[in-house]
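What follows is a single structure, written as structure tokens, with notes after it.
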Protein chains: 2
Amino acid sequence: MTQKKIGRPRAFDKNEALTAAMKVFWIKGYDGASMKDLTSAMKINSPSLYSVFGDKHALYLASIDNYTKNNPASPLVIFESEPNIEKAIRAFMKAALDSATKNEFGTLGCFLSSSVATTAGVVDGVQEKLKTAILEADARLVKRFEFEKQNGVLASDFPSEERARLMFDLRQGYTFRARAGLKSDSMENDLSFRVKMVLGE
Amino acid sequence: MTQKKIGRPRAFDKNEALTAAMKVFWIKGYDGASMKDLTSAMKINSPSLYSVFGDKHALYLASIDNYTKNNPASPLVIFESEPNIEKAIRAFMKAALDSATKNEFGTLGCFLSSSVATTAGVVDGVQEKLKTAILEADARLVKRFEFEKQNGVLASDFPSEERARLMFDLRQGYTFRARAGLKSDSMENDLSFRVKMVLGE
DNA sequence: TAGGTTTTGTAACAAATGACACAAAAAAAG
DNA sequence: CTTTTTTTGTGTCATTTGTTACAAAACCTA
């Protein structure tokens, strides 16, 4: 499948470099991330960056796509992989909280809402990507709720869309608090009653 | 009270200039806002900016303070000025939504969570200001809830702190959606059931 | 009026920015 | 081997960045 290409082989992994770039953007923001920051984190020189990703702007958009599409540890994926709906909701919130407060490399909060959001009205293409990311998250939550309604787990009058947006929006609160460096104690404490809230109990 | 000072009088209003600077930071972010952006929006030259505000960094911190302390249209102030608790909660959410989606100058979302948050781990002093802003918002919401409990309007077992954080966090959802340029229709629709949710009904 | 004080606008500064030209290097193909 | 193709690293480019000297201007005091 991976056909051998002629010419000098690339000395770095494209996905690794892209993830490294995303972390820099996450921590410093688009304008705060200099080319030197990016190339040193990606462990490549700028000509390699330009030949593979285009320019700084294209690299930024690719980082956003990489975050939304290729993240197996995203709260959304965890939510979808847990069969029990109540546990799934809690797992979503817990994953959102954990990933926001992890701070292994300075990546506090959420890449999209804590960093990319700033550039929404300024950097070309960002606002559209944010829109679709949010609406797709809403849709995937709704889809699961509708599934549970069909199976009789949730009541037939369960307001899927309102509750999906609720879940998503609650995550933004966690994200902002984490970015501000607040301890996760109170957020951890709120988990249980928020899960019940989403379920309408 | 306003004593006449010797020397050439200042040709601009400090607060107006500060508000203009804040809008630039709000729209473009700290690193995205150049000195040229700032001085042209503030309608002053850079030497005036430096003599009055210090430097770009100090101006940024002053902008944050100005936003948190001198904003009579903030959802928090509106919440506190409405006597009826249910109307107050709704007014808070409505004000948060309106201010986030107004977009008169490109100032979508909320200055703190849509713009300042990006710089939390990078620009000195920002994270501390965010922490205190969040905790103070929580505290002011809690204070009101406790007041209503003493008056018998809210039940004595009303969980003020959880609901305060809930209100605040719901706002972050609105903020993020608005920054992404989403229409306010669905958010407007969610208002009513979210108010009931905060009240525990 | 003359002296003192503060602000203003012009201009300039060094440093950092994003981007790229170019030749050497490393592989496959003939 | 030679040729062809692609990537790598060094070095450099024109702009833009944040910041500041400096002298003229505008006010108060005496």
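The values are calculated or read from the model by the stated rules, or taken from the named source; none is laboratory data. Everything numeric in this text was worked out from a predicted model, so none of it was measured. We place every Cβ from the backbone using ideal geometry, glycine too, and count neighbours over all the protein chains shown. Remember, those area values only see protein heavy atoms, side chains included, never the ligands or the DNA or RNA. Shrake-Rupley method; radii C 1.70, N 1.55, O 1.52, S 1.80 Å.
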- Here the residues of segment A:126-159 whose accessible area is at least 40 Å² smaller with all protein chains than in the chain alone (probe 1.4 Å) are A:GLN127, A:LYS131, A:ILE134
- Solvent-accessible area per residue for chain A at a 1.4 Å probe radius, Å²? 50
- Which value, in Å² and to the nearest 10, is the accessible area of A:GLU162 when all protein chains are kept and the probe is 1.4 Å? 50
- Task: Would you check the accessible area of A:ARG10, probe 1.4 Å, heavy atoms only, in square angstrom rounded to 10?
- Result: 140
- Query: What FRET efficiency do you get for B:LYS43 and B:LYS143 if R0 is 56 Å and r is their Cβ-Cβ distance, rounded to the nearest 0.05?
  - Reply: 0.90
- Per-pair calculated FRET efficiency, R0 = 25 Å: B:SER186 and A:ASN151 via Cβ, rounded to 0.05: 0.45
- Message: Which positions within segment A:103-119 get 30 Å² or more of their accessible surface covered by the other protein chains, compared to the chain by itself, with a 1.4 angstrom probe?
- Response: A:SER113, A:ALA117, A:THR118
- Item | Cβ-vector label at 7 Å, B:ALA155, separations to other copies in nm | 1.7
- For segment A:1-47: span of alpha carbons on each principal axis (Å, largest first): 38, 21, 13
- Distance between modelled label sites at B:GLU128 and B:SER81, nm, 7 Å Cα→Cβ extension: 3.2
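Can you pick out the pairs among A:LYS102/B:LYS69; A:LYS23/A:LYS102; A:LYS183/B:LYS129; A:LYS196/B:LYS87; A:LYS23/A:LYS183; B:LYS69/B:LYS143 whose Cα atoms lie more than 20 Å from each other?
On the way: A:LYS102/B:LYS69 31 Å; A:LYS23/A:LYS102 13 Å; A:LYS183/B:LYS129 15 Å; A:LYS196/B:LYS87 24 Å; A:LYS23/A:LYS183 22 Å; B:LYS69/B:LYS143 18 Å.
Distance filter (> 20 Å) returns A:LYS102/B:LYS69; A:LYS196/B:LYS87; A:LYS23/A:LYS183.
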- Message: Whole-Hz ³J(HN,Hα) for each residue in segment B:187-194, computed from phi via Karplus 6.51 cos²θ - 1.76 cosθ + 1.60 with θ = phi - 60°, x for glycine and proline: what do you get?
- Response: 5, 4, 4, 6, 3, 4, 6, 6
- Item | Distribution of pairwise C-alpha distances over the protein assembly as shown, 10 Å bins, in % | 4, 21, 30, 24, 13, 5, 2, 0, 0
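Just to confirm the filter: which trypsin sites (Lys or Arg not before Pro) across segment A:126-201 are DSSP coil and have at most 11 other Cβ within 10 angstrom of their Cβ? Could the numbers behind the result be given before it?
Numbers: sites: A:LYS129, A:LYS131, A:ARG140, A:LYS143, A:ARG144, A:LYS149, A:ARG163, A:ARG165, A:ARG171, A:ARG177, A:ARG179, A:LYS183, A:ARG194, A:LYS196; in loops: A:LYS183.
Those that pass, being in a loop and sparsely packed, are A:LYS183.
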- Note on the structure: Rounded to the nearest 10 Å², the 1.4 Å probe accessible area of A:SER46 is 50
- Residues of segment B:40-63 with amide nitrogen under 15 Å from the 7 Å Cα-to-Cβ point of B:LYS5? B:48-54
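I need to check one value: relative contact order of chain B, counting alpha carbon pairs closer than 8 Å and at least 6 residues apart, in percent.
Values: 185 pairs, mean separation 43.3, N = 201.
Averaging sequence separation for qualifying contacts and normalising by length gives 22 percent for chain B.
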- Roughly how compact is segment B:1-152, stated as its Cα Rg over 2.2 N^0.38 Å to two decimals? 1.20
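How much of the accessible area of the protein assembly as shown, probe 1.4 Å, is carbon plus sulfur, in whole percent? Before the final figure, lay out each step's value.
Details: 9970 of 19950 Å².
So the carbon and sulfur contribution to the accessible surface is 50 percent.
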- From zero up to wherever the largest Cα-Cα distance of segment B:73-199 sits, split into 10 Å bins and tell me the percent of pairs in each. 13, 42, 33, 12, 1
- Query: Roughly how much accessible area, to the nearest 100 Å², goes out of reach of solvent when B and A pair up, both sides summed, probe 1.4 Å?
  - Reply: 3800
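Can you compute the FRET efficiency between B:ASN71 and A:PHE12 using 1/(1 + (r/R0)^6), with r the Cβ-Cβ distance and R0 = 56 Å? Round to the nearest 0.05. Spell out each step's value before the answer.
Numbers: r = 48 Å, r/R0 = 0.85.
Efficiency for this residue pair is about 0.75.
Taking segment A:85-128, which trypsin sites (Lys or Arg not before Pro) meet the DSSP loop condition and have no more than 15 other C-beta atoms within 10 Å? Each step should come with its number before you reach the end.
Numbers: sites: A:LYS87, A:ARG90, A:LYS94, A:LYS102; in loops: A:LYS102.
Qualifying residues, ordered by number: A:LYS102.
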- Query: With θ set to phi - 60° and the Karplus curve 6.51 cos²θ - 1.76 cosθ + 1.60, what are the ³J(HN,Hα) couplings of segment B:31-47 in order, to the nearest whole Hz, using x for Gly and Pro?
  - Reply: 6, x, 8, 8, 4, 5, 4, 5, 5, 6, 6, 7, 6, 9, 9, 4, x
- Helix A:85-101 versus the longest principal axis of chain A: what is the Cα-based angle in degrees, 0 to 90, to the nearest 10? 40
